[in-house]
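The values are calculated or read from the model by the stated rules, or taken from the named source; none is laboratory data. In this text, all values refer to a predicted model and were calculated from it rather than measured experimentally. For neighbour counting, all protein chains shown are included, and Cβ atoms are generated from backbone atoms with ideal geometry for every residue, glycine included.
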Amino acid sequence: MKKTTLLIGLSTLFFVYAEAQQKKAQPKKEGTPKQEDTLQVIKSGLSSDPAFVWKTNQDEAQAICSKYRSREEMPGKDLQKVIQLSQADVKYPQYGLYWGDWKEGKKVVESPRGGRFAGYGFSDNPMDKGGNCYACHLIEKGVPGGTMGPNLYQYGKRWGVTKENMNTPEGMEKLRAVYNIVYNSWSAFPCSSMPRFGYHGGLSPNDVANIVAFLLHPESPVNK
């Protein structure tokens, strides 16, 4: 009995000691790096080439987002400011907002070339258009997709878009709301991790209109 008690006591001491050593070995958590320090590190690798220096300069909305660890920590006035700035940046097709071609939108959505650049090295002009949307979203039934973003399957049905109402003032307002999100997601979801496709020129206004048609049109496979 004494031997059993002694063994239990030694085992307990061993695990307590091991846990203490493990905690001691772990590096101390440091606070969030200062913005100026982060920019200095970035610029140290880009400042030699003027073609890339502009990439280190934040726009006003981005600067606001960078102040906080998450959107949940942002005060209401800053959230509203980011929304206002982003809504002001939205540009529509040359002849106004319209229902695009959902078949063309499907091609852009499916293309994995979003964010890629031409040639060896870098270019500021994409090799071709692509949204790479399936990397973050489930969109069509039976088609694999990511789960970082919301599920977009039957998105048009959830917005209540039908053949009868799609060209009414109500239907066009829904079209505009989704167009704004795809063009610049921060216009509705401040500081979202979704790329600001239209704002950065990765997709044209016509590309965005086609993508929105793919998501909302009653004949699109998204809504079957």
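A few notes on this one:
- Some residue of the range 157-178 being more than 14 Å from the chain's Cα centre (by Cα) and within 27 Å of GLU73 (Cα to Cα): yes
Residues are listed down the side, and each one gets a yes or a no for (1) modelled with pLDDT under 90; (2) aromatic (Phe, Trp, Tyr); (3) exposed (fewer than 10 other Cβ atoms within 10 Å of the Cβ):
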| position | (1), (2), (3) |
| --- | --- |
| GLU19 | yes, no, no |
| CYS65 | no, no, no |
| SER70 | yes, no, yes |
| ASP78 | no, no, no |
| ASP89 | no, no, no |
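- Matching residues in the range 151-163 - criterion: being surrounded by fewer than 16 Cβ atoms within 10 Å (Cβ to Cβ) and part of a helix (DSSP H, G or I): LYS157, ARG158
- Residues that are β-branched (Val, Ile, Thr) and in contact (Cβ under 8 Å) with a residue 24 or more places away in the chain do not occur anywhere in the range 140-157.
- Exactly one residue out of ALA177, ALA209 is buried (at least 22 other Cβ atoms within 10 Å of the Cβ) and either at negative phi or part of a loop (DSSP other than H, G, I, E, B) (or both), and it is ALA209.
- Any hit, the range 44-59, residues being modelled with pLDDT under 90, within 18 Å of the chain's Cα centre (by Cα) and not in a helix (DSSP H, G or I): yes
- Flag if MET166 is among the hydrophobic types (A, V, I, L, M, F, W, C) and surrounded by fewer than 18 Cβ atoms within 10 Å (Cβ to Cβ): no
- The set of residues in the range 100-114 that are part of a helix (DSSP H, G or I) and of a type in the set (Gly, Ala, Ser) contains only GLY105.
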